[in-house]
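Asker: Here it is: the structure, laid out below.
Taken together, the values in this text are just the output of simple stated rules run on the coordinates, not laboratory data. Note that the coordinates shown come from a computational prediction; the quantities given were computed from them, not determined experimentally. Neighbour counts are summed over all protein chains in view; Cβ atoms, including those assigned to glycine, are modelled from backbone coordinates with ideal geometry.
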Amino acid sequence: MRAVGGKCDRLRKKLPSNRKKMVNLFSSFRRLSKQSVMVIGDLMLDTYTIGKASRISPEAPVPVLHVQAEEHRPGGAGNVALNLAAMGAETLMVGRVGADDHGKILIDSLKREGVQTHGIWIQTGCQTPVKNRVIADNQQMVRVDYETALPLHEAIEQQIIEALPTLLESIKVVAISDYGKGMITKTLMAAVIEECLQRNIPIIADPKGIDFTKYRKATVVKPNLGEVYAAANLPMDAPLEAAAQRVLEITQAEVLMVTRSEEGISLFYQSGKREDFPVRAREVVDVTGAGDTVLAMLTVALANQLTVSDATRLSNVAAGVAVSHFGCARVTLAELARQLLSEDVGNKVFDEEHLFALQEALKGREFAILSLSSKGGIGTDLFEAIRKVAQKKSWDLVVHIEDENPSPIFVDVIASLHDVDYIIVKRGGLEYVSKLLFADEIFSFS
């Protein structure tokens, strides 16, 4: 650990603060910790054939693609599982694949990303769905689907039902990702929801089709706007409240979350209450997979016992990050943290009880820790020390404030500095923090 600078000058004039007191838990984001969650749904493999199209075929008036790369990644419910793993959740995938090479590739891809796959069954005679996207010069030319929607085999359905008590051990939330490929049967859903209700495990259902009765008694049902009207059997010009109320009656869900594209997200409660959340995206590049991101963020948030309202706010921010990327982007907590920081410097501050989110935000990034005390006050020596450490390398700077009750003004000023990326308020010494956050270098200012 290196010493930086000297005793700082005390500030003679009291600085203004945009808050009367320091709030350690300024954002719901800080409450996130590693939790065990389960995804049940339709697995598919997304493949990408990528290249350049610079000429027209002499055989037909179509472009010729010169293939430069081919990629594959889990899609459907698998993309939800990848998003959950990227957000730091212990994720168990329950689904089925065919007895084919694509199924093996899908399972191996999930394993590599840390997703538990012992809940995936192999159904003979069933083809693993494949969606191949042909990309030329960053533009999708065509999508080729290989799939035959078959219902889940009754024997496998029964095996999953019998395994539910074991699969649900330590699970905090279950996410149902229905793509209408046959995995989500009425019998299976009834068993899953009943087991979850007995264990007080929230269930979030991302539905498909017009028959929402199979999601009956789920905690949250999350359709898009068109699906709400279709399930309610109402025309699109009918009031949204009427459609939502009918779907709530059909599903008996506690909350209906309606994703409304550029209109954002709306929540409808059994009490008749409605909440609207405007879209948060600054730039929309590709909306593919944004719904999966919302489902994943909602799952992580509810697993950490956030309210549905607070969970939706985080999900909205995560969706805004997702649509700024091309393809089915996985949103990490690091990206979410940076987005929150761009909106309010108060989001920089973490207390000792909520460091998991900071660990995730720093994952894979080079950073330094600068430990200091607010007792020295605010002065030019302190600012210079922070600047030197921050600019020594292209890294993130984490300031550790070691006081038991640091001045709110002091914390506000440090948080307002552009050079400071994160702040930890930790009673006691630096040793505890350094064991949790493996910094590239640690500095001390006194």
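Asker: Which of Q139, L333, G272 sits closest to the plus end of the dipole of the chain, meaning its Cα is farthest towards the positive end, when Lys and Arg get +1 and Asp and Glu get -1 on the C-beta?
Answerer: My answer, from the dipole projection, is L333.
Asker: Taking Cα atoms, how many degrees apart are the long axis of helix 154-167 and the longest axis of the chain, rounded to 10 and kept between 0 and 90?
Answerer: Result, in degrees: 20.
Asker: If we count other beta carbons within 10 Å of each Cβ, what is the order of V317, V64, fewest first? All intermediate terms of the calculation are to be shown ahead of the outcome.
Answerer: Numbers: V317 23, V64 14.
Ascending Cβ contact count within 10 Å gives the list V64, V317.
Asker: Provide the gained length on full extension for the span T307 to E431, in nm with one decimal, where the gain is 0.36 nm per separating residue minus the Cα-Cα distance. Before the final figure, lay out the partial values.
Answerer: On the way: separation 124, 0.36 × 124 = 44.64 nm, distance 3.40 nm.
My answer for the length gained is 41.2 nm.
Asker: Sticking with this structure for a sec: Is the range 398-438 best put as rounded, prolate or oblate by its Cα gyration tensor, with a ≥ b ≥ c the root eigenvalues, rounded for a/c under 1.5, and otherwise prolate when a/b is larger than b/c, oblate when not?
Answerer: Numbers: a/c = 3.96, a/b = 1.33, b/c = 2.97.
Since a/c reaches 1.5 but b/c is at least a/b, the shape of the range 398-438 is classed as oblate.
Asker: Moving to a separate point now. Full-extension gain between Y48 and D440, please, as 0.36 nm times their residue separation minus the C-alpha to C-alpha distance. It would help to have the intermediate numbers written out before the result.
Answerer: Working: separation 392, 0.36 × 392 = 141.12 nm, distance 3.69 nm.
Extra length available between Y48 and D440 comes to 137.4 nm.
Asker: What FRET efficiency would be calculated for the residue pair K186, E70, taking the C-beta separation as r and a Förster radius of 41 Å, to the nearest 0.05? Write out the running numbers ahead of the final one.
Answerer: Working: r = 38 Å, r/R0 = 0.92.
Using R0 = 41 Å, I get an efficiency of 0.60.
Asker: Please rank Y229, Y215, fewest neighbouring Cβ atoms within 10 Å first, as an exposure proxy. The partial results should precede the final answer.
Answerer: Numbers: Y229 23, Y215 29.
Going from least to most buried by this count: Y229, Y215.
Asker: Next up: Quick one: which of 430-437, 219-226 comes out on top by average Cβ neighbours within 10 Å, and what's the full order, highest first?
Answerer: On the way: 430-437: 14.2, 219-226: 21.4.
Highest-to-lowest ranking by the protection proxy: 219-226, 430-437.
Asker: I would also like to ask the following. Please go through the residue pairs K34/K388; K104/K214; K186/K208; K52/K131 and name each one whose alpha carbons sit more than 23 Å apart in this structure. Intermediate values should be presented prior to the final figure.
Answerer: Values: K34/K388 34 Å; K104/K214 30 Å; K186/K208 12 Å; K52/K131 20 Å.
Beyond 23 Å: K34/K388; K104/K214.
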